[in-house]
1. Say we look at the range 44-64 and pick out the residues that are of a type outside the set (A, V, I, L, M, F, W, C) and within 38 Å of the chain's Cα centre (by Cα); which of these is farthest from Arg82 (Cα to Cα)?
2. Every residue in the range 91-114 that is of a type in the set (A, V, I, L, M) and either more than 29 Å from Ala6 (Cβ to Cβ) or outside any helix (DSSP H, G or I) (or both), please.
3. Return the pair list, or none, for Cβ contacts closer than 8 Å from residues in the range 19-44 that are farther than 15 Å from Phe91 by Cβ to residues that are aliphatic (A, V, I, L, M) and exposed (fewer than 14 other Cβ atoms within 10 Å of the Cβ), at least 6 apart or on different chains.
4. Just the residues that are part of a helix (DSSP H, G or I) and acidic (Asp, Glu), please, taken from the range 1-47.
5. If only one of Asp13, Asp9, Asp47 is at pLDDT 95 or above and over 30 Å from Val106 (Cβ atoms), which one is it?
6. Among the residues that make up the range 88-106, is at least one of them surrounded by 12 or more Cβ atoms within 10 Å (Cβ to Cβ) and over 19 Å from the mean Cα position of the chain (by Cα)?
7. Could you check, for the range 126-134, whether at least one of its residues is at pLDDT 95 or above, among the small types (Gly, Ala, Ser) and farther than 26 Å from Asp12 by Cα?
8. Yes or no: Val87 free of Cβ contacts under 8 Å to residues at least 40 places away in the same chain and either farther than 30 Å from Ala18 by Cα or assigned to a helix (DSSP H, G or I) (or both)?
Amino acid sequence: MPDPYARPDGVDDATVAATGTLSEALEWVERARGRLYDFHQMIGHADALLAVAADALAEAGHIDHADRLRRELVGRNVLRGRWTFQVVEEFDDTYWSPLRDAERRVRDDLLAGVRHLFEAELKERTRSDGQPHHERRP
């Protein structure tokens with residue numbers, strides 16, 4: 001079986017390093033995207049709790065406060081005209097998807113599609129051959 005992490009012929013160290021940095025940038029954006037999804041779900045949960053709190057206030061006889069919470073906060077946009085799902089969708093369409101496409105295009109054009117080549121070569125340089133848990137490949 002061919003090595004899936006073999007450096008393609010003619011690819012120099014500078015290209016491996018540059019594409020590694022591009023992949024690292026994508027990984028950081030992936031982490032940020034995860035936090036954006038955390039935000040989306042946290043705000044949704046908080047909004048549901050606001051509705052529960054409004055109901056509890058109403059049941060406790062505080063109708064004015066309950067009504068005000070429902071009117072001013074429950075279901076409120078987090079950004080002008082947007083709920084969090086719209087923020088997530090816009091981020092995905094405007095930034096995340098184009099970056100993923102660009103990283104894949106660069107990798108396909110310059111590294112014959114090999115993913116994590118920089119890391120694979122780093123692993124090869126730093127592992128202790130023959131030691132347990134230092135195997136080259138699974």
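1. Asp55
2. Scanning the range 91-114 gives Ala112, Val114.
3. Partner pairs satisfying both residue conditions: Leu22/Ala102.
4. Residues satisfying the conditions are Asp13, Glu24, Glu27, Glu30, Asp38, Asp47.
5. On the way: Asp13 fails: over 30 Å from Val106 (Cβ atoms); Asp9 fails: over 30 Å from Val106 (Cβ atoms).
Matching residue, one of Asp13, Asp9, Asp47: Asp47.
6. Checked the range 88-106: at least one residue is surrounded by 12 or more Cβ atoms within 10 Å (Cβ to Cβ) and over 19 Å from the mean Cα position of the chain (by Cα).
7. No, the range 126-134 contains no residue that is at pLDDT 95 or above, among the small types (Gly, Ala, Ser) and farther than 26 Å from Asp12 by Cα.
8. Numbers: free of Cβ contacts under 8 Å to residues at least 40 places away in the same chain: no; either farther than 30 Å from Ala18 by Cα or assigned to a helix (DSSP H, G or I) (or both): yes.
In short, no.
The values are calculated or read from the model by the stated rules, or taken from the named source; none is laboratory data. All values derive from a computational prediction rather than experimental measurement. With ideal geometry, Cβ positions are generated from the backbone for all residues, glycine too; neighbour counts draw on all protein chains shown.
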